[in-house]
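In what follows, a single structure is set out as structure tokens and then discussed.
The values are calculated or read from the model by the stated rules, or taken from the named source; none is laboratory data. Being a predicted model, the structure only gives us computed values, none of them experimental. In this analysis, Cβ positions are derived from the backbone assuming ideal geometry, glycine residues included, and neighbour counts consider all displayed protein chains.
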Amino acid sequence: MRAPGHVGFVAAVVAAVIAIGPLAPSASASTMPTAPAANVSVAGGVLGTPDGAFAMTIPPDVLQPGYNIGLLETASAPSQAPPLPSGFRAVSQYFQLVGYPMSAPQSATIQYNADWVGTTSPYALSVYAWQGGVGWVFQPTAVNPGSHSVQAYIPGPETVAVLANRTTFADVPADYWASGSISAMLAAGVMDGVGGGAFAPDLTVTRAEFAKMVAVGLSLPPAASPPSFADVPAGEWYAPYVAAAAQAGVMTGVTATAFDPNAPVTREQLAVLLMRALKLQPTGGLGFTDASQIDAWAVSGVLAAVATGYMNGYPNGSFQPLAGVTRAQAATVLARVIAHEAP
């Protein structure tokens, strides 16, 4: 799926293009048993439900010898599971994978109930997983509206379901150029409104806000220690996200001791962040009319972001490297990044 275009940014799609790290291995269909099974062992097979609501092909040797993984389909979440995230509702059955963890996550296809989805945008659908001791966690999801299904990588054992985020904003109508991307970010739990029923799509994103978007969107592990920046107090809401982004090497300070959390994220900074997070390689040249305004430290990032289609120039031939990134623009790029993690 592709959201309507907008100058300066490539619209979000729900399809993989460049993986963030290695993806789960694909299995050869010729070596797989084809009948759905309630339990799968080291020999591999298709773990599925009789009604076809859940299907996952498990290659041989993904499970250790002597261990199985099984599947239960239920109409409600396990009694010990926490409540669903605010604003979400389940639009599928709940699928409990029980048994031993697989050595690598596998792609699962899950059917959702179109009647339960109603008029909610397909961009607002996503797979969430719950494990004991952990809340409901977003799983990068590819949505296939034509077949009323989604795909996501599932490690198991865990409980998964397709959820729909029903949040709408008065300032993001259905025909807004970034509405699909914004819905996808709401579904992923990466972004939310600013209060008062508004999303404020044209508001400039701060470095603190973007640190949260990156940390949540890329599922960065929590930092081992508080942030080391003098202007990021440990008690601030953004402190753990800044620490996680810094620990992962995705975001750095403006100096060795300052993060400047309230400063806007610029287009050239975003390009560099994309290069770091996705390990992109710079290629080609810069033909923008304002290429000389791109800081030397950001040239590689801009080359990489433009070459891979994450960002592009404006119709007048400029790149505007120092322009602030709006919330709608950030949603567009991050929706594309997260989509790359889905099957």
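Keeping to segment 93-120, report how many residues are assigned to a loop (DSSP other than H, G, I, E, B) and over 17 Å from the mean Cα position of the chain (by Cα).
Looking only at segment 93-120, we keep the residues that are assigned to a loop (DSSP other than H, G, I, E, B), and these are 93, 100-105, 112-113, 118-120.
Going one step further and asking which of them are over 17 Å from the mean Cα position of the chain (by Cα), we end up with 93, 100-104, 112-113, 118-120.
The qualifying residues number 11.
Can you name the residue in segment 220-253 that is part of a loop (DSSP other than H, G, I, E, B) and among the polar types (S, T, N, Q) and, of all such residues, is surrounded by the fewest Cβ atoms within 10 Å (Cβ to Cβ)? Filtering segment 220-253 for residues that are part of a loop (DSSP other than H, G, I, E, B) and among the polar types (S, T, N, Q), the one surrounded by the fewest Cβ atoms within 10 Å (Cβ to Cβ) comes out as Ser225. Among the criteria (1) under 23 Å from Gly217 (Cα atoms); (2) in contact with a Ser or Thr (Cβ under 9 Å, 6 or more places away or on another chain), the one Gly133 does not fulfil is (2).
Taking segment 36-61 on its own, how many of its residues are among the hydrophobic types (A, V, I, L, M, F, W, C) and closer than 13 Å to Ala108 by Cβ? Counting residues in segment 36-61 that are among the hydrophobic types (A, V, I, L, M, F, W, C) and closer than 13 Å to Ala108 by Cβ gives 8. Among the residues of segment 223-234, are any assigned by TED's automatic domain parsing to the domain that holds Asn312 and within 22 Å of Val333 (Cα to Cα)? No, segment 223-234 contains no residue that is assigned by TED's automatic domain parsing to the domain that holds Asn312 and within 22 Å of Val333 (Cα to Cα).
Inside segment 320-343, can you point out the residues that are assigned to a loop (DSSP other than H, G, I, E, B) and over 24 Å from Val150 (Cβ atoms)?
At the first step, the residues of segment 320-343 found to be assigned to a loop (DSSP other than H, G, I, E, B) are 320-323, 325, 340-343.
Result: Gln320, Pro321, Leu322, Ala323, Val325.
Every listed requirement among (1) of a type outside the set (A, V, I, L, M); (2) at pLDDT 95 or above; (3) buried (at least 16 other Cβ atoms within 10 Å of the Cβ) is met by Phe138 save one, (2). Given the conditions (1) touching a Phe, Trp or Tyr at 6+ places or on another chain (Cβ under 9 Å); (2) within 22 Å of Val205 (Cα to Cα); (3) aromatic (Phe, Trp, Tyr), and given that Trp297 satisfies all but one, which numbered condition is not satisfied? Here Trp297 meets the rest and fails (1).
Do we find that Gln131 is over 14 Å from Ala339 (Cβ atoms) and modelled with pLDDT under 95 in this structure? It is true that Gln131 is over 14 Å from Ala339 (Cβ atoms) and modelled with pLDDT under 95. When Pro83 is tested against (1) at pLDDT 90 or above; (2) outside the structural domain of Thr120 (by TED's automatic domain parsing), just one condition goes unmet, and that condition is (2).
Taking the numbered list (1) within 23 Å of Val333 (Cα to Cα); (2) modelled with pLDDT under 90 in turn, Gln269 passes all entries but (2). Among the residues of segment 254-312, those that are in contact (Cβ under 8 Å) with a residue 40 or more places away in the chain, within 13 Å of Phe210 (Cβ to Cβ) and either of a type in the set (Val, Ile, Thr) or in a loop (DSSP other than H, G, I, E, B) (or both) comprise Phe259, Asp260, Pro261, Asn262, Ala263, Val265, Thr266. Looking at segment 187-205, is at least one residue closer than 25 Å to Gly249 by Cα and not in a loop (DSSP other than H, G, I, E, B)? Checked segment 187-205: at least one residue is closer than 25 Å to Gly249 by Cα and not in a loop (DSSP other than H, G, I, E, B). Looking across segment 284-343 at every residue that is acidic (Asp, Glu) and either farther than 11 Å from Ala271 by Cβ or in contact with a strand residue (DSSP E or B) (Cβ under 7 Å, 6 or more places away or on another chain) (or both), the one that is surrounded by the fewest Cβ atoms within 10 Å (Cβ to Cβ) is identified as Asp290.
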